[in-house]
Amino acid sequence: DVWSSADGVNWDLVTDNVPWGNRVLHHTVAFDGKIWVMGGQNLVQFAPAEKEIFYNDVWCSEDGANWTRVTEHAPWSPRGMIGGGAVLHGRMWLLGGGTYDTPDRPERLFYNEVWSTADGVNWELHNANPPWKPRQYHDVAVFDGRLWVTQGWNHGNRNDVWHSADGVNWYEVPDTPWAVRHASSLFVHDNALWMVAGN
């Protein structure tokens with residue numbers, strides 16, 4: 001389902017049946033006047049399903065009610081578990097991610113590839129192996145003209161912080177003061193980059 005609010009108090013149900021179906025851990029970005037949903041998976045151990053599905057499709061909507069699948073299989077491997085969103089240089093960026101374990105696929109997958117697109121259809125791989133470790137449940141943002149990748153999980157929590165102006169060349173911020181974690185909230189507010197809470 002899709003809900004919207006102008007004040008965070010009063011919410012409207014936009015639709016209770018999106019065409020991209022029941023899925024979790026997908027990646028959502030606001031870009032070019034549209035909402036974009038990509039990737040994710042279902043989890044048969046938590047919700048009934050006929051089979052396990054790992055997605056690498058891309059959908060968009062201008063109003064949250066009417067959705068268009070712009071591509072069924074993007075060139076990146078199925079994945080999700082990416083918090084936040086990154087839009088830079090007129091492009092959406094897909095940074096890392098992974099898959100959750102399921103009965104038929106008990107091993108999680110972890111990625112650190114850097115992809116971007118201007119239309120959701122044509123994707124460019126900028127860096128297949130940047131210096132930051134593959135991860136999931138990390139957070140991404142754009143601040144100060146740069147992409148940011150923070151913390152995350154890969155058989156253990158992390159607290160590293162990386163930034164790049166082009167998606168190719170990455171630099172680490174040393175001596176991060178907060179404890180290791182994953183699934184925090186990363187956002188820009190009052191001309192600063194904020195990292196809040198986590199697991």
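The values are calculated or read from the model by the stated rules, or taken from the named source; none is laboratory data. Nothing here was measured: the structure is a model prediction, and the numbers come from that model. Cβ placement follows ideal geometry from the backbone for every residue including glycine, while neighbour counts extend to all protein chains displayed. Ligands, DNA and RNA are stripped out before the accessible areas are found, and what is left, the full protein with its side chains, is counted by its heavy atoms. Shrake-Rupley method; radii C 1.70, N 1.55, O 1.52, S 1.80 Å.
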**Asked** Limited to the stretch 180-197, what total is found for residues that are in a loop (DSSP other than H, G, I, E, B) and open to solvent by 60 Å² or more (accessible area, probe 1.4 Å)?
**Response** 4
**Complete:** If we keep only residues of the stretch 2-41 that are over 13 Å from D63 (Cα atoms) and of a type in the set (D, E, K, R), then the residue most open to solvent (accessible area, probe 1.4 Å) is D16
**Item:** Test result for G97, modelled with pLDDT of 95 or more, of a type in the set (G, A, S) and either exposed (fewer than 15 other Cβ atoms within 10 Å of the Cβ) or more than 20 Å from V140 (Cα to Cα) (or both)
**Value:** no
**Asked** Just to be sure, is G64 touching a residue at least 60 places away in the same chain (Cβ under 8 Å), closer than 24 Å to V87 by Cα and in a loop (DSSP other than H, G, I, E, B)?
**Response** yes
**Qualifying residues in the stretch 141-179 (those that are part of a strand (DSSP E or B) and on the phi > 0 side of the Ramachandran plot) - the one surrounded by the most Cβ atoms within 10 Å (Cβ to Cβ)** = G152
**Request:** Determine whether T117 is β-branched (V, I, T), touching a residue at least 24 places away in the same chain (Cβ under 8 Å), farther than 16 Å from H26 by Cα and surrounded by 14 or more Cβ atoms within 10 Å (Cβ to Cβ).
**Result:** yes
**Prompt:** Among the residues of the stretch 81-126, how many are touching a strand residue (DSSP E or B) at 6+ places or on another chain (Cβ under 6 Å) and under 18 Å from G145 (Cα atoms)?
**Reply:** 16
**Asked** Which ones in the stretch 167-179 are in contact (Cβ under 8 Å) with a residue 12 or more places away in the chain and more than 15 Å from W132 (Cα to Cα)?
**Response** W178, A179
